[in-house]
Amino acid sequence: TGVQDLVTGLGLPYGVGLDVTGGKLYWSDIGTHKIQRANLDGTGLQDLVTGLGTPYTLALDVAGGKVYWPDRTAGKIQRANLDGTGANQSFITGAGNPIGVAVDGQHVHWSNYGTNTIGRANLDGGSPNQAFISGANSPLSVAVDGLRVYWTNFGIGTIGRANLDGSAVSQAFIGAAGVVGVAVDGQRIYWTSQTL
């Protein structure tokens, strides 16, 4: 009960993901330029992938055995096996200025802060579409559920959404001042906001 520090001495941890079945906690660290993981109780710290640029967030595809992250410095979407092996730091190139990433079992989606778009590709990296959804406004975070893709429009303080095929785009599905992060569980939408 209460707040507990699980892992200390990190650089600047940013994105986080849970593999409850595998008993692991994953995070990206933009201070040390790594993808790391530990057991859910904080023990067993491991460096999975090192020498990265700016891995802001990450997304887990536990069923597929992969972890994905955008490297904003390199303009790429990258991935590795959940144990850090098989790292592909050129998985999707030319992704612009990616910050957020999400997977839905068939596709990887990312927010492109630089071009105000949401990109999408197959989970094998095929058929990349850098502007799958256009007209976002400084998108930071992206999330998916079984029906839709959601993103934060940090520039105008809204949450946008569209169908998974890119249709029915709404840039102001929810007004949320200073919106930064977004998550969905199929029935509810959660978001974080900050006041500048």
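Things worth noting here:
- Positions within segment 171-196 being without any contact (Cβ under 8 Å) to a residue 24 or more places away in the chain and either open to solvent by less than 40 Å² (accessible area, probe 1.4 Å) or touching a Cys at 6+ places or on another chain (Cβ under 9 Å) (or both), in sequence order: Ile174
- With respect to (1) touching a residue at least 12 places away in the same chain (Cβ under 8 Å); (2) of a type outside the set (A, V, I, L, M); (3) open to solvent by 40 Å² or more (accessible area, probe 1.4 Å), the lone exception for Gly42 is condition (3).
- Pairs where the first residue, in segment 119-134, is closer than 21 Å to Arg161 by Cα and the second is outside any loop (DSSP other than H, G, I, E, B) and of a type in the set (Lys, Arg), C-beta under 6 Å, 6+ apart: Asn129/Arg120; Phe132/Arg120
- Subset of segment 103-124 [modelled with pLDDT of 95 or more and small (Gly, Ala, Ser)]: Ser111, Gly119, Ala121
- Scanning segment 83-104 for residues that are open to solvent by 10 Å² or more (accessible area, probe 1.4 Å), within 22 Å of Val180 (Cα to Cα) and not aliphatic (A, V, I, L, M) returns Gly96, Asn97, Asp104.
- Filter result for Ala95 (among the hydrophobic types (A, V, I, L, M, F, W, C), free of Cβ contacts under 8 Å to residues at least 40 places away in the same chain and not in a strand (DSSP E or B)): yes
- Which listed residue, of Ala74, Ala80, is open to solvent by less than 70 Å² (accessible area, probe 1.4 Å), touching a residue at least 12 places away in the same chain (Cβ under 8 Å) and either on the phi > 0 side of the Ramachandran plot or not in a strand (DSSP E or B) (or both): Ala74
- Any chance Val62 is under 22 Å from Tyr150 (Cα atoms), open to solvent by 50 Å² or more (accessible area, probe 1.4 Å) and modelled with pLDDT of 95 or more: yes
- Given (1) at pLDDT 90 or above; (2) part of a strand (DSSP E or B); (3) open to solvent by 20 Å² or more (accessible area, probe 1.4 Å); (4) not hydroxyl-bearing (Ser, Thr, Tyr), index of the condition Ile133 fails: (3)
- Strands (runs of 3 or more DSSP E) fully within segment 139-196 that include at least 1 residues being in contact with a Phe, Trp or Tyr (Cβ under 8 Å, 6 or more places away or on another chain) and under 17 Å from Asn112 (Cβ atoms): 139-144, 148-153, 158-163, 179-184.
- Search result, residues across segment 111-155 that are closer than 27 Å to Arg188 by Cβ and of a type in the set (Val, Ile, Thr): Thr117, Ile118, Ile133, Val142, Val144, Val149, Thr152
- Qualifying residue in segment 60-68 (condition: small (Gly, Ala, Ser) and in contact with a Leu (Cβ under 6 Å, 6 or more places away or on another chain)): yes
The values are calculated or read from the model by the stated rules, or taken from the named source; none is laboratory data. Quick caveat: nothing in here was measured; it's all calculated off a predicted structure. Here the Cβ is made from the backbone with ideal geometry for all residues, glycine too, and neighbour counts use every protein chain on show. All accessible areas refer to the heavy atoms of the entire protein, side chains included, with ligands and DNA or RNA removed. Shrake-Rupley method; radii C 1.70, N 1.55, O 1.52, S 1.80 Å.
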